[in-house]
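The values are calculated or read from the model by the stated rules, or taken from the named source; none is laboratory data. Since this is a predicted model, take the numbers as computed values, not measurements. For neighbour counting, all protein chains shown are included, and Cβ atoms are generated from backbone atoms with ideal geometry for every residue, glycine included. Keep in mind that these areas ignore ligands, DNA and RNA; they rest on the heavy atoms of the full protein, side chains included. Shrake-Rupley method; radii C 1.70, N 1.55, O 1.52, S 1.80 Å.
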Amino acid sequence: MFHVLIVEEDAFLAEIYQKKFEMEGFKVSVAGNGEKGLADIKKKKPDIVLLDILLSKLDGFAVLEAAKADNSIKNIPIILLTNLGQKDDVRRGLDKGAAGYLIKTHFQPSEVVDKVREVLRKK
């Protein structure tokens with residue numbers, strides 16, 4: 001069973017994604033801010049992370065950068081799941097090592113699950 005960590009401050013959205021992933025047979029953890037997200041990546045070592053960019057305490061780019069700089073967790077794929085759709089943000093996320101960049105409003109939760117499966121298959 002794959003373990004997905006969702007780093008998302010919007011509790012309603014986090015719950016929607018959590019339920020969808022659990023229905024699809026994934027183990028799910030949720031972190032409500034960037035600092036806790038980074039700590040959970042280090043502690044729980046999930047198979048994959050869904051990371052929002054607009055987070056308090058530590059934004060998603062900072063979490064991504066810190067994770068990719070840490071040898072113990074740098075190989076965990078991180079997909080940015082955000083509403084920031086500017087080309088610069090997308091490029092910045094991918095340049096920092098994100099395995100994917102999904103804009104929340106463009107993807108149904110089921111499509112997000114499909115994208116996660118696709119990344120895990122390549123891993």
Could you list, in sequence order, all residues of segment 69-87 that are under 21 Å from Lys43 (Cβ atoms) and open to solvent by 50 Å² or more (accessible area, probe 1.4 Å)?
Ala69, Asn71, Ser72, Lys74, Asn75
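Can you find even one residue in segment 88-104 that is hydroxyl-bearing (Ser, Thr, Tyr) and either assigned to a helix (DSSP H, G or I) or open to solvent by 20 Å² or more (accessible area, probe 1.4 Å) (or both)? Show your work before the answer.
As a first pass, look at segment 88-104 and keep what is hydroxyl-bearing (Ser, Thr, Tyr): 101.
Among the residues that remain, those that are also either assigned to a helix (DSSP H, G or I) or open to solvent by 20 Å² or more (accessible area, probe 1.4 Å) (or both) are: 101.
Yes: segment 88-104 contains one or more residues that are hydroxyl-bearing (Ser, Thr, Tyr) and either assigned to a helix (DSSP H, G or I) or open to solvent by 20 Å² or more (accessible area, probe 1.4 Å) (or both).
I'm trying to understand the selection: among the residues of segment 69-87, which are outside any loop (DSSP other than H, G, I, E, B) and in contact (Cβ under 8 Å) with a residue 40 or more places away in the chain?
The first filter runs over segment 69-87 and keeps only residues outside any loop (DSSP other than H, G, I, E, B), leaving 69, 78-82, 87.
Those that are outside any loop (DSSP other than H, G, I, E, B) and in contact (Cβ under 8 Å) with a residue 40 or more places away in the chain: Ile79, Leu81.
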So, in segment 2-32, how many residues would count as being touching a residue at least 40 places away in the same chain (Cβ under 8 Å), within 20 Å of Ile73 (Cα to Cα) and among the aliphatic types (A, V, I, L, M)?
4
